[in-house]
1. In bins 5 Å wide, starting from 0, what share of all Cα pairs of the stretch A:785-909 does each bin hold, as a percent?
2. Compute the relative contact order of chain B as a whole-number percentage, counting only Cα pairs closer than 8 Å that sit 6 or more residues apart in sequence.
3. Quick check on my link table: of B:Lys73/B:Lys106; B:Lys14/B:Lys35; A:Lys180/A:Lys624; A:Lys567/A:Lys815; A:Lys7/A:Lys820; A:Lys616/A:Lys725, which ones sit more than 28 Å apart, alpha carbon to alpha carbon?
4. Subtracting the Cα-Cα distance from 0.36 nm times the residue separation, let me have the gained length for A:Tyr382 to A:Asp553 in nm, one decimal.
5. Any idea how far apart B:Glu75 and A:Arg135 come out in nm if each label point goes 7 Å out from Cα toward Cβ?
6. State to the nearest 20 debye the size of the charge dipole of chain A about its Cα centre, where the only charges are +1 on K and R beta carbons and -1 on D and E beta carbons.
7. Which of A:Leu547, A:Thr522, A:Ile281 sits closest to the plus end of the dipole of chain A, meaning its Cα is farthest towards the positive end, when Lys and Arg get +1 and Asp and Glu get -1 on the C-beta?
8. Work out how much length A:Thr641 to A:Lys49 would gain on full extension: take 0.36 nm times their residue separation and subtract the Cα-Cα distance, in nm to one decimal.
Amino acid sequence: MRNPLRKRLPRLLRQDGKKYIVLFLLLSITIGFISGMFVANDSMLLAAKAIITDNELEDGHFELEKQATDALKESFEEEGITLYDQFYKDFPEGQENGKNAEASAGSQQETVIRIFVNREQVNLSSILYGRLPERTGEIAIDRMHADNVGIKLEDTLYVGETPLRVVGLIALSDYSTLFKDNSDIMFDALTFDIGVVSREQFDALDAGITWQYAFRYTDRPANVNEEKEKSDDLMVQLAVLAATGGLYDDEDEAKAFADEADVIKGYGDVLKEAEKISDIIKPQQEELEELQKQAEEKGKELENLGQELEKLQTIVMTDPTQIPLLQEKAARAQTLQTQLQELIDTLTEKGQSLQDYLEQEEIKQVLDQAQEILDQDIDFDYWEEAADAVDRNGNKLVDYVPNYANSAIHFTTEDMSHDKVMAEYLLLILVVVLAFIFAITTSNMITADAAVIGTLRASGYTRGEMLRHYATLPILVTLFSALVGNLLGYTLFKEVVVAMYYNSYSLPLYETKWNADAFVQTTLWPVLIVTTINLLIIYRKMRIDPLKFMRRDLSVSKRKRAIRLPKWKFFTRFRTRIFLSNVTSYLVLILGIGFSMILLVFMVGMPATLRNYENKAADMLLAKYQYVLKSWQDEDDHPITTDQESAEPFDMCILNTIDGVRVDEEIYIYGYFRSDGFFQGVPEDMSGMDCYISRPYAEKFYLQVGDTITLKEPYGNQTYTFTVKGIHPHQANPAVFLTNRQYEEIFDTEEGAYTGFFSEEEITDIDPEQIAVVYTREDITKVTDQLQHSIGSLMDYFSYVCGLLALLLIYLLTKIIIEKNAGSISMVKVLGYTNKEISALYIRLTTIVVIVGTCLVTYGAMAFIRWIWRLFMNSYPGWFVFYMSAGDVVRCILIVIAAYLIVSFIDTRRIRRIPMTDALKNVE
Amino acid sequence: MSEETFLKVAGLYKAYGTGDSRQEVLRGLDFSVAKGEFCVLLGPSGSGKSTLLNIIGGIDSADQGYISISGDKLEDMDEKALTLYRRKHLGYVFQLYNLIPNLTVKENIEVGAYLSDHPLPIEDLLHTLGLYEHRHKLPNQLSGGQQQRTSIGRAIIKNPDILLCDEPTGALDYNTSKEILKLIEDVNQKYGNTVIMVTHNQAISQMADHTIKLRDGQVRKNIINDNKISATDLDW
């Protein structure tokens, strides 16, 4: 025969209907939402992951300063990768009616659209609506951005000045999240868009091209670790190849080459110097030679003339008529001798002058060095060719993003996975809270049934039978809630979650997949937790002897002594006793409030943090405008300057962290020219490797004055170790501050060079072509704009849902407390206590517990959320702190207190309704 | 003991349920109790004595008839007035004591003291009840007799006009029962309260001034006892 006690279960269910309905609603809605999230999450994750294989996703991409030559590309591909041109052009985006897209999104920032050519080999598009562009005048853009700003198929979109017809809404496999730059802290689906056009249209669009190349490994890495190792090696090889025009891929060899090239260049300089000397002495030597030749000719002529004079002297002795001829020849000889002497004098003088010049130490040194170089038999032709190759193919790697580190590809899946883990924990905590509520309810039921249980046990009912009887309802209600919750999860809530994800991510179409994991997490675990906690508590109760049950003495342990209380007023002592005897219920009540408060703090704190970040954005920037120049000098090597009075030059580069809470975090290294301008707060002078760091850097990496930090080049292995001398209250980015002299020494830059200008006013007298990028307040707030758009409105809504959750939990627990004390309440009523006095005992106590508990758990919840926030921020670049104003904290507390006030009103009525006959029922 | 009528029960009817399940518990009761009288309501189970006690205590209400205390009809009192009536005039002693489990002996008695503007001195009462050394104990640390004494203490500390006792010895052994009865007798004599005690133990009627025997919701006998004996002399 089946246990007849089972017939009692439906009656118990009816008897405690309200309580079980609330428990059922809490459980089924929570499980429904979590189940919906799991199903949507996993189904969409599968779709997102399918893109990797179906859409030929890249293994990474990089950008070069200029277009790679075929030779350079060939040298890249020799490193085991296949390259794909993925050039793009950025334009301002506008809509048909002339308004910018951002206007409809409520943002102040200009919307940028990044235009690619239709992809055919790698990073293919998923078409959600429409088709890909086939001819000029057509464009397909990101579906999510289109949704966000209200662009539809067939709309006309202005790409710069060019109107294009939107023929497709797509999801690009390498832009599942719209990150404009991989270093951005947050994606930006409001003011950033991507689009694809035909090759002809791309060429026709007038803008500077960014030379981006996607790559895929020819020999794919077996796992993530191998991929990271391979990627790191590849990055260095690409940087070296680009710098050496494809000559070398090994950093050491390239360095040896560069060193050797420097030496050869030095040799060349010496030879050039020697050549200059040669150019100087050559005319002198030629002149000397000419003079010598003239002297020789004169000498020869004089010698011939001498011989003739000797002959004439002999003839004159016999023929006096020849005397005039003799005199003429003698005069001629005299003239020649004079001329010869003059020539010899000049020759001597010039020869001496040349000799003096050549004997100068520096001339001699140059000539000696030149001779030594020439003696080395160097193949100058080779070096000349090498220099030509570097000049022709040389380039600069300006960006490198491997697949695994690409936020635009992985943020979606990582964020969805984080959501899932967070949901798992929330469900777990709520189920534990509800399991304890079930257990307290059952425990109270056992107390009320004590005499019956004693009688049944005395009659032969086993502990197991009683245990199963009392555990059945909690388990059944949980199981039923889980089943209903799963049903809701696969239908209603799945759509809610899917809508949320489509609102944030550019995901392809998905198919709902049956999810065994969701079933386990949302059904088996809750049932198991509720069962275990209830069985443990019921089992503990059932260990009591039947006789003690009959005597209603349910103390499991030895009789407790009463705690002696101070000589307080009677009501205070009474309330204290009530608290002490219901301490478990009150602790679970505080736990329940704590759970609600964690959610509430998050829901209220998140928008508050975003608002705070936005409000402080202006202060966070070192200057209102930060202009980064492409080069500090123009084509004629003249420094680029501005007449803008507020402008101040600065140096800047980026280094990466190699350790601490986040590896590869980008740290901005600033070199300042003045300590009393935009960098106020830094010392006028520093030396060596001393530095100041920004507060975000200190906070994120737990750095203090005196610590050392080691950073490395993003695309090389050179490391720099700095000593922190102070912390600068600059709030925007993790940054290091150096004087410009330190900067020049450490990074070996030209004296007086700078990266750009800080300015309080817009700079209008610098050619835009010379400006690489301008940072303004909007660049900082685009993170918060996006977050506000994605979750802002939901947060307010959910904060009231949290209030409702708090209300339900408080309702359940105070109901349990009042039911447990119903006998005493009834008794004091019989004795003549008024409802007001009874409320002063029970309601006021609960009010005190709720208020004190709420204040305590608010502090705890804030600490918990701050901890979670830090973990979250550690996973992403950049830093901003979780912030709640006193008003926000008060709002959280007031929401819970308001929920409690509603419950206390219900409880007051409940106390009033407790019949006095309850006190007498025990008698019969 | 005054002979004037203090409590009057007139034409009292009470039924529970409706239709076929309707059960008349009290069927036209008429009697009166004098001030300071020790009155025993005697009867078997189902005779209606506890229901009568509840109506006297203002916990339950009659369908017909009335009860008056010093001329004030309970049926004319609203809930607030009934609460005040219980507060000012009544003390309750139950078979199973109904102590508040999370209060100590002294605090349980203070629950009663709180209701009175002039409560009896609690320390003296604790001595009188023999509970002084147990005053800091919780009810579950006490014997049945000690718990009942606490219950009596709680009832009499406010020196009520009427002490309602519902089978006060029903859960106690013989000797303890006699001790409790003696205590109630002493209280009655010392403070002059009107005691109305419900019991099915006929022997107890020997210590009463007035015994009303009930059966099937009716007064079968209304006896004034001129030869009452002390509780210590009771035997059953």
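Here, each number is a calculation from the coordinates, and none is a lab measurement. These numbers come from a predicted model, not from an experiment. A quick note on method: Cβ atoms are made from the backbone with ideal geometry, for glycine too, and the neighbour counts reach across all protein chains shown.
1. That works out to 2, 9, 15, 18, 15, 12, 9, 7, 5, 4, 2, 1, 1, 0, in percent per bin.
2. Details: 491 pairs, mean separation 63.1, N = 236.
Worked out over chain B, it gives 27 percent.
3. On the way: B:Lys73/B:Lys106 34 Å; B:Lys14/B:Lys35 25 Å; A:Lys180/A:Lys624 21 Å; A:Lys567/A:Lys815 30 Å; A:Lys7/A:Lys820 24 Å; A:Lys616/A:Lys725 25 Å.
Violating the 28 Å Cα-Cα cut-off are B:Lys73/B:Lys106; A:Lys567/A:Lys815.
4. Numbers: separation 171, 0.36 × 171 = 61.56 nm, distance 10.31 nm.
Gain on stretching A:Tyr382 to A:Asp553: 51.3 nm.
5. Taking the two extended label points, one gets 10.1 nm.
6. Working: 89 positive and 136 negative charges, 3580 e Å.
So the magnitude is around 17200 debye.
7. Result: A:Leu547, furthest along the dipole toward the positive end.
8. That pair, A:Thr641 and A:Lys49, stretches by 208.1 nm at full extension.
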